[in-house]
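Each remark here refers to the structure printed beneath this line.
The values are calculated or read from the model by the stated rules, or taken from the named source; none is laboratory data. Computed from a prediction, not measured in an experiment: that's the story for all the values here. Glycine gets a Cβ as well: all are built from the backbone with ideal geometry, and neighbour counts include every protein chain shown.
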Amino acid sequence: MKEDALRWALYGGEDYELLAALPSEKAAAAREKLAAAGIAFTVVGEVTPAAGGLRVLEEGRIIPLEARGFDHFSPSS
């Protein structure tokens, strides 16, 4: 069940939150400005060189990910 939930979260195609990438030194300022507007801001990770491919850190373990995403135009969508 846990693997299925992760698969749906990563590849399911539903958009529940906005995601942005910004330099880590600007995160505090972004959090303050968004909080002033009543918008929550959560840091969920960091961008690193892709030498190791796509991966997620789960409970201290690095798990490789497939390089794919949801295809809104596939027949099974």
I need a count of the residues in the range 18-52 that are β-branched (Val, Ile, Thr), surrounded by 10 or more Cβ atoms within 10 Å (Cβ to Cβ) and closer than 28 Å to Ile62 by Cα. 1
Please indicate, with yes or no, whether at least one residue in the range 28-40 is part of a helix (DSSP H, G or I), at pLDDT 75 or above and among the acidic types (Asp, Glu). yes
